[in-house]
Amino acid sequence: MTNTSAKSEDNPYRSDNRRLELMAAAAHLFNQRGYDATSMRDIAREAGMLAGSMYYHFPSKDDLIIATYEEGTRLISQAIIEATNDCSDPWERLYKASAAHMNTLFGGNNFSILLCGDISRAAPALRIRLIEIRDSYDALFMELIEKLPLPEDVDPTLLRLSLLGSLNWSASWYRPGGQTPEQIGIFFVRLLKDGLKTDPEL
């Protein structure tokens, strides 16, 4: 007699699904409670798994937050690349990238919004790894900003930090019902480009 349950457990597609379920559960709890206040047992319960079973996929909580950071970065980077691929004007590309960034942050996935959290109190080795991951989408913005026709006295690195700081800090105050995430992203770029002009040229 065939042992169907054993075959199901050995199915690599099932394994991948369980891994994604654990990542989604972890991202949700990290956002709700914070990394330190979330245990592996909490994550297993959220995912509907036995605590011991999750260690097959992720040996530690650090491995889980690294995986969720990688997924959040992948989603934002993909959205930015897709939004800017068919555009050649440097400022328009930055408008589109910022709008895509914000739409991804507030589009309902827990992975990307996790990137806006405070990691200053994480253990040094983990913090360095998370910063390295986050730097990959920072680099996309750096590339976009370096192609802008900027005055010589404008530091593109400070411009990038200013823009990303504004975009990501919105996670602490944004509430649906006012301006959309896309409109907020465009506003921050407009502020960089035109200051407080009343009739900016987009």
Criterion first (aliphatic (A, V, I, L, M), surrounded by 16 or more Cβ atoms within 10 Å (Cβ to Cβ), assigned to a helix (DSSP H, G or I) and modelled with pLDDT under 95) does Ile65 satisfy it?
yes
Any residue in region 88-101 that is at pLDDT 95 or above, exposed (fewer than 13 other Cβ atoms within 10 Å of the Cβ) and in a loop (DSSP other than H, G, I, E, B)?
yes
Applying the selection to region 36-49, what residues are surrounded by 11 or more Cβ atoms within 10 Å (Cβ to Cβ) and at pLDDT below 90?
Met49
Of Gly107, Gly165, the only residue that is under 23 Å from Glu21 (Cβ atoms), surrounded by fewer than 21 Cβ atoms within 10 Å (Cβ to Cβ) and not hydroxyl-bearing (Ser, Thr, Tyr) is Gly107
Flagged in region 24-67 as hydroxyl-bearing (Ser, Thr, Tyr) and under 21 Å from Pro124 (Cα atoms), in numbering order, are Tyr35, Thr38, Ser39, Ser60
Just the residues that are over 22 Å from Gly178 (Cα atoms), under 17 Å from the mean Cα position of the chain (by Cα) and assigned to a helix (DSSP H, G or I), please, taken from region 102-125.
Phe111, Leu114
Any residue in region 114-127 that is at pLDDT below 95, closer than 13 Å to Arg74 by Cα and aliphatic (A, V, I, L, M)?
yes
Looking across region 121-139 at residues that are of a type in the set (D, E, K, R) and surrounded by 11 or more Cβ atoms within 10 Å (Cβ to Cβ), the single one that is farthest from Thr68 (Cα to Cα) is Asp138
Picked from region 144-160 (must be in a helix (DSSP H, G or I) and surrounded by 15 or more Cβ atoms within 10 Å (Cβ to Cβ)), the residue farthest from the chain's Cα centre (by Cα) is Pro156
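The values are calculated or read from the model by the stated rules, or taken from the named source; none is laboratory data. No experiment lies behind these values; they were computed from the predicted model shown. Here Cβ is always computed from backbone atoms with ideal geometry, including for glycine, and neighbour counts include all displayed protein chains.
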